[in-house]
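Okay, so here's the structure we're looking at.
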Amino acid sequence: MSTRRRAVTTFIVLWTIAVAAVVLAALQGAAWRGSAEGREIVARTRAKWAARAGVEAQIAALTFSTLNPDPSSALSVRNDLARAATGSLGNATFAVAHETRTGRADGAADAHAKLNINTLSRESMLLLPYMDETIADSILDWVDADDDPRDLGAELGQYLSLKNGYMPRNAPLRSLEELELVLGVRPEFVRGEDWNQNNLLDPNEDDGNFTWPPDNADGKLDGEWSRLLTAVSEGGGLAASGQARLDLTLAEVEEIQKRLQVDAQQAQAIADAALTVTSLADFIRTPLRDLVPQGATLLSGRRTSTLQNLTNDQIALLLDETTLGDPIPLRSGKLNINTCDDEVLEYLAEVSPGVADAIILERNARSGGFSNLVDLLSVPAVTNEVLASLYDLFDVRSNVYIVTSRGRDEATGVEVEIVATIDRSTLPIVVRGIVIR
């Protein structure tokens with residue numbers, strides 16, 4: 001019996017040891033997993049704050065450029081953003097970049113380098129790939145304020161009749177992705193290879209059909225509509241000098257004279273004309289003398305016979321520094337002729353190929369781009385009348401930028417990406433949208 005008891009006792013001891021070993025191994029595994037998860041959380045937190053530091057660095061650079069504009073170069077903002085594109089925060093680093101047709105570029109992407117879908121004409125829409133008259137009319141119906149469908153469009157009734165019905169916005173699109181809610185629009189049309197809409201070529205967007213989305217694996221990002229269009233560019237905002245714009249309908253003559261570097265008679269004529277013109281383009285199209293009836297007496301009591309027309313430099317200041325109506329409402333932004341790809345102009349029906357080519361040729365010959373819109377008059381194909389027609393389409397300055405910032409924890413390689421939309425229409429700069437991945 002004693003031998004049997006010893007055997008049983010030995011078995012129990014060994015069994016207890018085995019169970020204890022299993023429990024200990026499980027506890028060690030759980031502790032290791034918890035430690036690994038903790039390390040991953042710490043690493044992700046580092047990467048996230050590094051990515052956020054990249055966004056803040058771009059905001060700081062853009063704020064500086066807004067308050068200290070470089071009149072000699074319209075591209076100085078782009079260069080300032082590129083210089084602030086990389087940095088470190090503790091044991092993590094950040095990099096801000098975006099794709100262009102020629103490859104990856106440092107810094108935030110200019111939203112004004114693309115056509116704003118909210119102001120694009122039907123004729124221009126029809127030039128886009130995959131576009132047809134039904135989709136174009138449906139987009140215009142989505143954006144307009146009424147519920148009356150165009151001939152081939154769609155309005156409230158059509159959307160409510162869907163299985164999971166919803167209402168059209170009947171207002172400007174808030175994002176390009178919202179286009180996918182418009183009847184007839186497929187996500188592939190909008191996104192192309194840039195499926196996550198981060199303005200970067202990710203590995204899954206350059207591997208053929210191995211992973212989603214389908215792509216041609218050519219090392220370049222084909223964003224389809226998203227490479228040409230935006231919905232977030234904003235017009236209006238601050239003057240080129242960084243000051244608030246001067247409202248010509250309310251400004252004192254002395255303010256106009258000082259701000260636009262004109263004489264007292266010209267300032268008075270501008271103030272008078274501002275009460276009757278409908279757009280600043282009228283000052284491009286029509287000489288100042290003709291905006292005030294010939295022989296008429298200005299409000300100041302002087303005759304127009306001695307009035308001097310505005311020089312090109314004075315017109316440039318007028319366009320850059322003033323507005324008609326205060327406060328100026330934010331509106332969908334114009335195309336920045338300095339930063340847009342020449343391909344984008346092919347989709348603007350209002351600009352003839354000859355004029356577009358001549359503008360690009362002149363732009364490429366200028367190291368600093370066009371400093372103001374009136375510089376376009378140096379293009380042989382552009383007259384004052386042509387420039388006036390381009391006023392509602394083009395600008396040389398941008399308000400909205402898309403920041404794609406990747407933070408990386410150097411110890412583990414963990415990365416976090418932040419995509420932020422920043423707007424300098426006002427100061428301080430406003431972050432209008434942010435996505436964290």
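All of the numbers you see were taken from the coordinates with simple rules; none came from a lab. Here the structure is a predicted model, which is why all the values come from computation and not from measurement. Heads up, the Cβs are rebuilt from the backbone with ideal geometry, glycines too, and the neighbour counts pull from every protein chain shown.
Observations on the structure shown:
- FRET efficiency, residue 64 to residue 104 (Cβ-Cβ, R0 25 Å, nearest 0.05): 0.55
- Here the dipole of segment 116-204 is about 220 debye; that uses its Cα centre as origin and unit charges on the Cβ of Lys and Arg (positive) and Asp and Glu (negative).
- Computed from Cα atoms alone, the Kirkwood hydrodynamic radius reported for the chain is 25.4 Å.
- Average silhouette area of segment 116-204, convex hull of alpha-carbon atoms, in square nanometres: 6.4 nm²
- Eligible aspartates and glutamates near residue 258 by straight Cα distance, threshold 17 Å, same-chain separation 8 or greater: 247, 272, 313, 320, 321
- Cα centroid of segment 215-277 to Cα centroid of segment 52-83, whole Å: 19 Å
- Residue-averaged 222 nm ellipticity for the chain, from DSSP H runs of 4+ at -39500 (n - 2.57), nearest 500: -11000 deg cm²/dmol
- Based on C-alpha pairs under 8 angstrom that are at least 6 apart in sequence, the chain has a relative contact order of 23 percent.
- Think of the chain as a dipole: +1 on every Lys or Arg Cβ, -1 on every Asp or Glu Cβ, centred on the Cα centre; then among 120, 418, 183, 418 lies furthest on the positive end.
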